[in-house]
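The values are calculated or read from the model by the stated rules, or taken from the named source; none is laboratory data. From a predicted model like this one, the values you see are computed outputs, not experimental measurements. As a convention, Cβ positions derive from the backbone with ideal geometry for all residues, glycine included, and neighbour counts pool all protein chains shown.
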Amino acid sequence: MIRLTLTRRFLPMSLGMFFGLSLAVLAQETPVAPPAMPQTQPNTQPQGVNNPNAGRPAGAAEPVNSSTYKIGAADVLNIQVWGETRFSGPVTVQEDGTITMALVGQLKAGGMTPNEVEKEVSEALAKYVRQPLVTVTVAQVGSKQYYMDGGINRAGKYPLVVPTTILEAISEAGGLQPFANGKKIYVLRGTRRIPFNYKDVIKGKHMEQNIKLEPGDHVIVPL
């Protein structure tokens, strides 16, 4: 009777301990999958957003208006003929205003717009290519430039692609240096000296001074 009582008393306890130990062993032997890592979204932020030159890739055409811009000597044109690599590539406008293409020879470009040159190239290629598809863009402006000199943050040569005033040119060149004499700025145009008072113009005074630059102009900023 005593043995039966003890057996009944300890049997549930023994079974509970057996199942508890079994579950513990299984828990140790069963590999636990690592937590899923969050999916990272690709960075779609444009690179170089603080770089003013990052928007244009290397070798990209100057932002000229193909229907109005007049091509001049030293401009570099990018001619693309669809499916015809032998006629495609950059060409430089010579001093006489002409360009030279393979097989075609010399063609006039000076004083013409890119759209007009496209038509001329298409007509010249008609004897070599059936219905040529031609695109002409200005890869580099070399014929129309102005210069920023003296107490300016980024002195140097700038392409005169679109109409540009003196104030716009100063902004394009990064503004005046700390000790620049803004009241004594002048534009050197040939032998002429055209005065420009930066202090007045930024206050809206004597705005007639803020003239548009011409090719070859030098904006002189005294120190």
Exercise for the section: Scan the strands (runs of 3 or more DSSP E) fully inside the stretch 106-183 and keep the ones with 2 or more residues being under 29 Å from the mean Cα position of the chain (by Cα), in contact (Cβ under 8 Å) with a residue 24 or more places away in the chain and surrounded by fewer than 18 Cβ atoms within 10 Å (Cβ to Cβ). Expected result: 134-140, 145-150
Exercise for the section: State whether one or more residues within the stretch 46-68 are under 18 Å from L160 (Cβ atoms), crowded, with 17+ Cβ neighbours inside 10 Å and modelled with pLDDT of 95 or more. Expected result: no
Handout entry: Test: residue in the stretch 176-187 that is farther than 30 Å from V104 by Cα, in contact with a helix residue (DSSP H, G or I) (Cβ under 6 Å, 6 or more places away or on another chain) and basic (K, R)
Key = yes
